[in-house]
Amino acid sequence: RAKAEGKGAVRRFTSDLEDEYEARLVQEGELAAAIDNGEITVAYQPIADLFTGQVLCLEALARWHHPQRGQVSPATFIPVAETSGLIDRLGELILRESLKRAAQWPSTVQVNVNLSPQQLVSGQFPTVLATILRETGLLPARVGIEITENIFVDFSKSVLDQLSAIKAQGIRLVLDDFGTGYSSLSYLQMVDVDGLKIDASFLRQLPDRKVEAIIRTVTRLTADLNIHLVAEGVENALQLQWLRTNGVHFGQGFLLGRPKDNPPLDWIDHLP
Ligand code: C2E
Ligand code: MG
Ligand code: MG
Ligand code: MG
């Protein structure tokens with residue numbers, strides 16, 4: 001800092017970094033408090049059968065109601081939780097809350113919970129999950145854990161062992177945002193996933209010859225592997241029609257329903 005005195009440009013750069021650092025500390029402190037004060041809640045978004053409208057699963061999505069700033073997006077606060085070490089507490093809170101809720105739903109409705117790669121650092125996640133399952137009495141087959149391809153970026157034996165331990169409990173593993181990360185088909189060989197969610201960015205580009213080929217290929221791939229495919233980001237009737245015509249059975253998106261505190265538990269009755 002002292003060295004920067006008198007060098008305007010350098011000094012400005014330094015204090016920008018400091019501002020950012022301070023903002024981060026404030027956010028971390030506020031997030032830690034929010035976890036304790038009940039400012040974090042869970043919203044649920046349906047994953048439905050695109051042909052019948054039946055609700056098959058609800059994805060648990062973290063919400064932060066900040067007393068001054070209002071709704072803070074998980075795209076903002078999950079990264080803060082990941083770099084500050086708060087993700088384990090936050091993840092456990094979301095998991096406990098959503099599994100408790102799911103225990104009150106009809107047994108045909110499953111629950112999916114997102115897992116951050118950071119939650120596999122301590123090695124404790126499979127045990128925490130088993131404990132919460134026991135507490136809530138939920139059948140393991142009704143629980144899905146959504147991981148992204150990022151989990152494999154610096155995967156280790158510990159990561160693979162924990163994913164196997166999750167599977168061994170009878171819980172479903174779902175590969176989220178498929179096709180956008182450092183996608184490698186070999187991940188499908190390494191980990192026994194029960195389903196893929198193809199990222200919303202593909203559907204958003206319809207109609208487009210290349211994107212159509214990609215979605216059709218992923219549809220064939222999942223059919224051959226005998227695993228589920230969910231299309232993310234179903235926003236309009238044209239996309240829905242394209243998916244039906246091309247044999248994609250399951251979807252999630254604003255057309256079917258936005259994330260809500262109390263989502264429908266049976267049918268999406270407004271499906272075109
Ligand atoms: P994700 O797991 O891929 O979740 C889907 C996101 O897409 C959600 O955003 C959902 O609200 C949004 N979405 C659903 N349908 C549509 C649509 O038709 N159009 C558009 N434009 N968006 C749609 P959300 O809730 O803001 O969450 C963003 C991301 O934050 C999630 O992406 C997930 O990666 C992360 N996240 C959320 N909750 C948790 C959590 O409890 N734990 C962890 N580790 N990550 C979470
Ligand atoms: Mg997800
Ligand atoms: Mg996703
Ligand atoms: Mg996504």
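The values are calculated or read from the model by the stated rules, or taken from the named source; none is laboratory data. Note that the structure is a prediction, hence the values are computed from the model and not measured. Quick reminder, even Gly has a Cβ in these numbers, built from the backbone with ideal geometry, and neighbours come from all protein chains shown.
If you go through the stretch 37-57 and keep only what is surrounded by fewer than 20 Cβ atoms within 10 Å (Cβ to Cβ), farther than 28 Å from F250 by Cα and of a type outside the set (D, E), you end up with N37, G38.
Checking each residue in the stretch 206-232 for being surrounded by fewer than 13 Cβ atoms within 10 Å (Cβ to Cβ), on the phi < 0 side of the Ramachandran plot and not in a helix (DSSP H, G or I) picks out P207, D208. Figure legend. Inter-residue proximity from the stretch 209-220: first residues in contact (Cβ under 8 Å) with a residue 12 or more places away in the chain, second residues surrounded by 15 or more Cβ atoms within 10 Å (Cβ to Cβ) and in a helix (DSSP H, G or I), beta-carbon distance below 6 Å, spacing 6+ or different chains. Indicated pairs: I215/F202. Could you say whether any residue in the stretch 149-169 is modelled with pLDDT of 95 or more, out of contact with any Phe, Trp or Tyr (no Cβ under 6 Å at 6 or more places or on another chain) and within 23 Å of H249 (Cα to Cα)? For the stretch 149-169, residues modelled with pLDDT of 95 or more, out of contact with any Phe, Trp or Tyr (no Cβ under 6 Å at 6 or more places or on another chain) and within 23 Å of H249 (Cα to Cα): absent. Tell me the residue from A34, A60 that is in contact with a Ser or Thr (Cβ under 7 Å, 6 or more places away or on another chain), free of Cβ contacts under 8 Å to residues at least 60 places away in the same chain and surrounded by 19 or more Cβ atoms within 10 Å (Cβ to Cβ), please. Every option except A60 fails the conditions.
A residue that is within 16 Å of ligand 2 (Cβ to nearest atom), touching a helix residue (DSSP H, G or I) at 6+ places or on another chain (Cβ under 7 Å) and touching a residue at least 40 places away in the same chain (Cβ under 8 Å) occurs somewhere in the stretch 103-112. Restricted to the stretch 227-272, and to residues there that are over 22 Å from the mean Cα position of the chain (by Cα) and closer than 22 Å to L175 by Cα, the residue that is nearest to ligand 1 (Cβ to nearest atom) is R244.
Selection within the stretch 139-193: residues that are part of a loop (DSSP other than H, G, I, E, B) and within 14 Å of the chain's Cα centre (by Cα). The member of this set that is nearest to ligand 3 (Cβ to nearest atom) is T180.
Taken together, the criteria exclude R63 from residues that are at pLDDT 95 or above, basic (K, R) and outside any strand (DSSP E or B). Inside the stretch 60-84, residues that are under 15 Å from the mean Cα position of the chain (by Cα) and basic (K, R) make up a count of 1. The C-beta contact set for the stretch 69-93 (first residue at positive phi and within 16 Å of ligand 4 (Cβ to nearest atom), second residue in a strand (DSSP E or B) and aromatic (F, W, Y), distance under 9 angstrom, 6+ apart or interchain) is empty.
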